[in-house]
Each structure stands twice: as C-alpha cells, then as structure tokens.
Amino acid sequence: RVLHFGTHNAGRLALHVAKTMLEVMTADQNEGFRRIGDLGRKMAEGVRQVARVSNRHKIVVQGVNSMFQIFFTDLDEVRDYRDFRGHVDRSKFRDFALRLMDKGIYMNPSATLHSLSSLVHTEADIAATTQAMAEVLEEMP
C-alpha cells in the first residue's frame, strides 16, 4: 500500500496538465528541458554580470538549470541554513524585488524562495530583466 494524499496530488486536471507538460518537455529528444535549462543559466549569468558592475551591492547568484536564487550577502556561496540566516540580507532582497515590480518584473520578495525560467521566456525577457535589475541596483541605497 502507498499513502497518497494532498490537495492537488491526483486530481484529473492536475494529472492531465502534468502529462501534457511532460509531452512538451520531452518532444524533440527533450528539447524543452534543454531550452529551459539554457534560459535559466543565461538568466543567472546575466544577473551575475549585473552584480559585477554594481560595486555597491555584494550579490551571489546560485542555481541549477532553470532555477536560480539571488542572495545579498558577504559570502561567496550560501551553503546552508546557518549561512542564509547569518549572512543574507533579506530586507535588502525584499527592497530589490519590490523595486523590480515597479519596473514590471515580478520576483517574489521572499529571500527564501527561488526564481524559475519558463519555456515562454525569451532572450529579450532576460535582457529586459537584467536591465531592470541594473537600474534597481543603481537606485538602491
């Protein structure tokens, strides 16, 4: 026996969506997975480039494939909860995310949540996002 429960775990609509998503992602020899990974890596590298130009804010960008996280920190890498709790400036990240919203870029203002790229994102979206990030970092105290 297997215990399986939860609000969205086995509903017919959710299962259909999951099946359709897997069909899209695995079509053309997993092209969807390759594309989403490429977009995520490009976004993370774009943020790293913006951070290198902004000398006033120490930023670390970490991630895997389409998932990335931006940390305002004095560390070179955030490895665990102690690093996060003791060295990440969560209020600065919140200010950063809220200022991005004013420029039309949504990023969850919680420093504990990661960001994701999507198949609908484009290179132009990455350029617009990194441009907005550069502007916000210049505006921030």
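The values are calculated or read from the model by the stated rules, or taken from the named source; none is laboratory data. Since the model is a prediction, treat every value here as computed from it, not as a measurement. Reconstructed Cβ throughout: ideal geometry from the backbone, glycine too, with neighbour counts over all protein chains shown. Keep in mind that these areas ignore ligands, DNA and RNA; they rest on the heavy atoms of the full protein, side chains included. Shrake-Rupley method; radii C 1.70, N 1.55, O 1.52, S 1.80 Å.
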Quiz item: If you take the residues of segment 131-140 that are open to solvent by less than 20 Å² (accessible area, probe 1.4 Å) and in a helix (DSSP H, G or I), which of them is nearest to Asn55 (Cα to Cα)?
Solution: Leu137
Exercise. Mind listing whichever residues of segment 121-130 are under 11 Å from Leu39 (Cα atoms) and surrounded by 14 or more Cβ atoms within 10 Å (Cβ to Cβ)?
Key: His121, Asp125, Ile126
Practice problem: Among the candidates Gly63, Gly104, single out the residue that is among the small types (Gly, Ala, Ser) and part of a strand (DSSP E or B). | Solution: Gly63
Self-check item: The listed residue being open to solvent by 70 Å² or more (accessible area, probe 1.4 Å), more than 22 Å from the chain's Cα centre (by Cα) and at pLDDT 90 or above, out of Asp28, Asp74
Solution: Asp28
Practice problem: Pick out the one residue from Ser118, Ser91 that is open to solvent by 20 Å² or more (accessible area, probe 1.4 Å), hydroxyl-bearing (Ser, Thr, Tyr) and within 30 Å of Met25 (Cβ to Cβ). | Solution: Ser118
Practice problem: Take Ser54 and decide whether it is out of contact with any strand residue (DSSP E or B) (no Cβ under 6 Å at 6 or more places or on another chain), open to solvent by 20 Å² or more (accessible area, probe 1.4 Å) and of a type in the set (Gly, Ala, Ser). | Solution: no
Exercise. Kindly indicate which of Val47, Val64, Val60, Val88 is out of contact with any Pro (no Cβ under 6 Å at 6 or more places or on another chain) and touching a residue at least 40 places away in the same chain (Cβ under 8 Å).
Key: Val47
